[in-house]
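**Q** One structure follows; several queries about it will come next.
The values are calculated or read from the model by the stated rules, or taken from the named source; none is laboratory data. In this text, all values refer to a predicted model and were calculated from it rather than measured experimentally. Positions of Cβ are backbone-derived with ideal geometry, glycine not excepted, and every protein chain shown enters the neighbour counts.
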Amino acid sequence: NAGVTQTPKFQVLKTGQSMTLQCAQDMNHNSMYWYRQDPGMGLRLIYYSASEGTTDKGEVPNGYNVSRLNKREFSLRLESAAPSQTSVYFCASSVLAGVYNTDTQYFGPGTRLTVL
Amino acid sequence: KQEVTQIPAALSVPEGENLVLNCSFTDSAIYNLQWFRQDPGKGLTSLLLIQSSQREQTSGRLNASLDKSSGRSTLYIAASQPGDSATYLCAVAFYGGSQGNLIFGKGTKLSVKP
């Protein structure tokens, strides 16, 4: 049981390049989330997927797209990377949808992205 | 605006000391509050989740309390150990927020000296 896995662990991009961050969970969770963590800003929600087939914007969605490929996988795409997207990206999952649930979120180890 | 604040930003204590980490939030209308631990270069690990109807939760040497009326939560760590050194994050699920949107504090970086 690996929990939440993310690939890659590190990535350096040039401005304007695109890339996809991959996330998978093996806990049969319904909900999945993408956060970014920046010094002095804390964690902020980018997008989330309450259940397979649905996605919704979080606090900071601009410049990103997501795909809930199946129940296990939730990817985050940067179409044209900008230096402001330099950050640490975390994927998380939880059993039930939304904030009404009593279950916590389980986090992956993160992807450290630098955009030059 | 719904905000979560953690003070102090950093704390250093000698091993064995009992300590309290503080979290305050701007709106008492919450679903739940969670405490997480983050080790350097790692993801977050959930420590305790308190529902809005609860006053406290305990896990081993950790005890988290919740006072919605005052907009405060505390994380009490008993008999601290060097292995407790990490950043501790408080996160709140507010009413009126979008589903799935936890608002995080910026964390308290704890250092426990041997």
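**Q** Quick check: anything in the range A:5-12 under 11 Å from the mean Cα position of the chain (by Cα), crowded, with 17+ Cβ neighbours inside 10 Å, in contact (Cβ under 8 Å) with a residue 60 or more places away in the chain and facing another protein chain (nearest Cβ under 10 Å)?
**A** Among the residues of the range A:5-12, at least one is under 11 Å from the mean Cα position of the chain (by Cα), crowded, with 17+ Cβ neighbours inside 10 Å, in contact (Cβ under 8 Å) with a residue 60 or more places away in the chain and facing another protein chain (nearest Cβ under 10 Å), which makes the answer yes.
**Q** Based on this model, can you work out whether A:Met41 counts as surrounded by fewer than 21 Cβ atoms within 10 Å (Cβ to Cβ) and under 24 Å from B:Thr5 (Cβ atoms)?
**A** Yes.
**Q** Which condition does B:Ala93 not pass, out of (1) at pLDDT 95 or above; (2) in a strand (DSSP E or B), if it passes all the others?
**A** Looking at each condition in turn, B:Ala93 falls short on (1).
**Q** Also, quick follow-up: Under the condition of being polar (S, T, N, Q) and touching a residue at least 60 places away in the same chain (Cβ under 8 Å), which residue from the range A:29-68 is farthest from the other protein chains (Cβ to nearest Cβ)?
**A** Looking at the filtered set, the residue picked out is A:Asn30.
**Q** In addition: From the list B:Ser24, B:Ser46, exactly one residue is part of a strand (DSSP E or B), away from chain A (no Cβ under 13 Å), in contact with a strand residue (DSSP E or B) (Cβ under 9 Å, 6 or more places away or on another chain) and more than 20 Å from A:Pro39 (Cβ to Cβ). Which is it?
**A** B:Ser24
**Q** Okay, next question. Given the criterion surrounded by fewer than 16 Cβ atoms within 10 Å (Cβ to Cβ), assigned to a strand (DSSP E or B) and either more than 10 Å from every other protein chain (Cβ to nearest Cβ) or in contact (Cβ under 8 Å) with a residue 24 or more places away in the chain (or both), identify the matching residue among B:Ser70, B:Ser65, B:Ser111.
**A** Going through B:Ser70, B:Ser65, B:Ser111 in turn, just one is surrounded by fewer than 16 Cβ atoms within 10 Å (Cβ to Cβ), assigned to a strand (DSSP E or B) and either more than 10 Å from every other protein chain (Cβ to nearest Cβ) or in contact (Cβ under 8 Å) with a residue 24 or more places away in the chain (or both): B:Ser111.
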